[in-house]
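In what follows, a structure is listed as structure tokens, so that the remarks can point back to it.
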Amino acid sequence: MSIDFSHIPSSIKEKSNSELTTSIFLFRAVRYKWLIRFGQVALPYALWIPGVKYLLRKTIFNHFCGGETLDDTKKVIQNLAAHHVNAISDYSAEQAGTKEQQEETRKNILQSIKFAGQQKNVPFACVKITGICARPLLEKISKKEPLNESEQQARKEFLERLDALCGAAAEQGKKMFIDTEESWINPAINEAAEMMMAKYNREKHVVYTTIQFYAADSLAYLQRLIDTVPYKVALKLVRGAYHEQENERAAKMGYPTPILPNKEAVDNNYNEGLRVCIRNLGKVSFCAATHNTGSIEWLMQLMKEYHVESNSDIVSFSQLYGMRDNLTYELAGNGYNVSKYIPYGPLKETLPYLIRRAQENAGISAQMSDELKLLLKEKQRRKRSDV
Ligand SMILES: Cc1cc2nc3c(=O)[nH]c(=O)nc-3n(C[C@H](O)[C@H](O)[C@H](O)COP(=O)(O)OP(=O)(O)OC[C@H]3O[C@@H](n4cnc5c(N)ncnc54)[C@H](O)[C@@H]3O)c2cc1C
């Protein structure tokens, strides 16, 4: 079944004129890489300047985040439910250096899991490990360096936090996505995710680890999980959000980049990952977390070929809030199981997330000009009908 993804989604049609103008301004602005680079360096220091927070909130924050609190996101989640789209509340803190900050993040995610328990259209919770464990520790674990006593204690506490979150999700009958981050901390993240899958995925797919298919070793990792682990393998498949940082760090430190050499290689690798997953369905359950129309169409074709129902519980799609609503809404309208990640949190905490979204939109002109095209198409439509 082919779907026409070129329709203007209702989320764009429902924007007020001023919201539409702001979104157009935003997507035009993020095409300038130098502006993103400048923002990346300057913004964390500029938040105290009068008006900066207001401006950010009105533009990039409002577009890519559901709000500052879980309560703020309720309206968005209800609206998605009306369009048969599931939601995933994503507390977007990822720079938790101190134990207090890590505990705070754990409490916030726990709250989001309890909230999910009361909502029919929130099947997943999610956690970013750098919100509940310090980066230097993750790096040390990843390098397999010996930990001193206090680091061993911090590692134990981090695993307890993660276990409490996965356990709470399981109790509420929800699933848990564990996000992946940079390659130099991912071995520690993967190790923790595998521990949680071993505990919670004996009978059902509860804990989902994430594989980044821009990584040259991703297919081998996927195959190793399928071939060797004695539990259910649950996966979120992404291309990966840090390719520029990865290449820059590798060049700076003089080691070969772990990232595939170009976009085409990444696209092929991702699509091959989808094929491997669908061939192993049953042991594997997976979510294609992507805004790439080609990959979405490819998965729809695979589902048909392998006789997987479109509304299957073990194959799903997901996109980020504020991105490619045309894909999300059309998939939902055609009966597919699709969800939206809804990031939320205090403006300052969400900055790294917002900068990544801006970088992504600056980097992928073809894909993102589609986003801009839809916004401009809506503007034209309003002009014609004088809305
Ligand atoms: C629901 C959801 C959850 C996500 N969770 C995570 C997560 O846990 N961890 C994470 O890292 N990311 C995550 N992402 C982000 C994701 O990895 C991508 O950054 C983003 O989705 C864009 O990729 P795409 O598949 O949508 O397709 P496209 O827009 O077609 O592809 C863009 C991607 O291609 C790759 N790419 C582009 N140019 C090059 C190049 N020259 N060389 C090599 N690669 C290139 C990059 O990965 C880039 O992000 C998530 C995305 C979604 C939708």
| query | Which ³J(HN,Hα) values in Hz, rounded to whole numbers, follow from the phi angles of region 307-320 under the Karplus curve 6.51 cos²θ - 1.76 cosθ + 1.60, where θ = phi - 60° and Gly and Pro get x? | reply | 6, 9, 4, 5, 9, 3, 7, 9, 10, 9, 10, 8, 10, 8
| field | Interchain or long-range residues, amide H under 5 Å from A289's placed H | value | L237, S318
| request: Take the cross-link list K128/K348; K128/K175; K143/K232 and give me the ones stretching past 24 Å between alpha-carbons. | output: K143/K232
| task | Determine which lysines satisfy two conditions relative to K383: a Cα distance under 16 Å, and not lying fewer than 8 residues away in the same chain. | result | K13, K15, K373
| query | If you count, for each residue, the other Cβ atoms within 10 Å and average over each peptide, how do 201-212, 148-159 line up from highest to lowest? | reply | 201-212, 148-159
| Any number yet on Rg/Rh for region 1-158, C-alpha, Kirkwood? | 1.04
| field | Estimated 222 nm signal from helices in the chain, with DSSP H stretches of n ≥ 4 weighted -39500 (n - 2.57), rounded to 500 | value | -17500 deg cm²/dmol
| message | Can you give me the long-range amide H partners of G67? Hydrogens built in the peptide plane at 1.01 Å from N, cutoff under 5 Å, separation of 5 or more residues or another chain. | response | G345
| Mind ordering 27-38, 232-243, 295-306 by average Cβ neighbours within 10 Å, highest first? | 232-243, 295-306, 27-38
| query | Which translational diffusion coefficient, to the nearest whole µm²/s, is obtained for the chain from the Stokes-Einstein equation, given a Kirkwood hydrodynamic radius over C-alpha pairs, 4 °C and 1.567 mPa s? | reply | 60
| remark: Counting only DSSP beta bridges fully inside the chain, the antiparallel percentage to nearest 5 is 5
| task | Can you tell me the dipole magnitude for region 67-344 around its Cα centre, using point charges on the Cβ only (Lys, Arg +1; Asp, Glu -1), in Debye to the nearest 20? | result | 540
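Coordinate-derived values only; no laboratory data. Treat the numbers as computed from the prediction; the structure is a model and nothing was measured. Note that each Cβ is placed from the backbone with ideal geometry, even for glycine, and that neighbours are counted across all protein chains shown.
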